[in-house]
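Okay, so here's the structure we're looking at.
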Amino acid sequence: ATLLNSLSYSVVLGIITGMLAIGTLANTIGRRNGSILTATLMLFGALGLVISSYLSSGNVIFSCMTFMLFVFGMGVGGEYPLSASTASEISMSQLKRRQEKEMEDGILNDYCDDSSANTPIATNYSMEVEGRIRWLSCSEISR
């Protein structure tokens, strides 16, 4: 039972180490390269586990599996901060776009609530252009 617990602890230790090390390293190398690194670590760890199962000595198998589970855990743990920061960035950009759209719609609706929005303004050229732009903007909203 203690040998199996040792294997489990090596995975947990790898996950914690991966979160700290790769999460910090990703600030330098970027999230994309960090994700490639985590996928490589998981692949290397999984292949190492398969290869270590073909070894003959029990002590060597245990040592190799412990190390490979640690490497695999680093890959898994490293992906947590990368995916969390990506999800956070995407949700914040979507929120910002939605707020900008609501603000734009609110401004145009307030602008078009003006009673002079559909009356032509011809006192001077700049006001005439402003009136046409206002009329076009408001007619787009009413569609």
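The values are calculated or read from the model by the stated rules, or taken from the named source; none is laboratory data. Remember, it's a predicted structure, so these values are computed and weren't measured experimentally. To get the accessible areas, we keep the full protein, side chains included, count just its heavy atoms, and leave off ligands, DNA and RNA. Shrake-Rupley method; radii C 1.70, N 1.55, O 1.52, S 1.80 Å.
Which value, in Å², gives the accessible area per residue of the stretch 16-102 when a 1.4 Å probe is used on the protein heavy atoms?
Computed with neighbouring chains in place, this is 65 Å² per residue.
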query = Within the accessible area of the stretch 1-94, what % is carbon and sulfur when the probe is 1.4 Å and the other protein chains stay in place?
reply = 72 percent
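By how many nm would the segment from PHE44 to SER91 lengthen if fully extended, with 0.36 nm per residue of separation less the alpha-carbon distance?
Working: separation 47, 0.36 × 47 = 16.92 nm, distance 3.22 nm.
The PHE44-SER91 span can extend by a further 13.7 nm.
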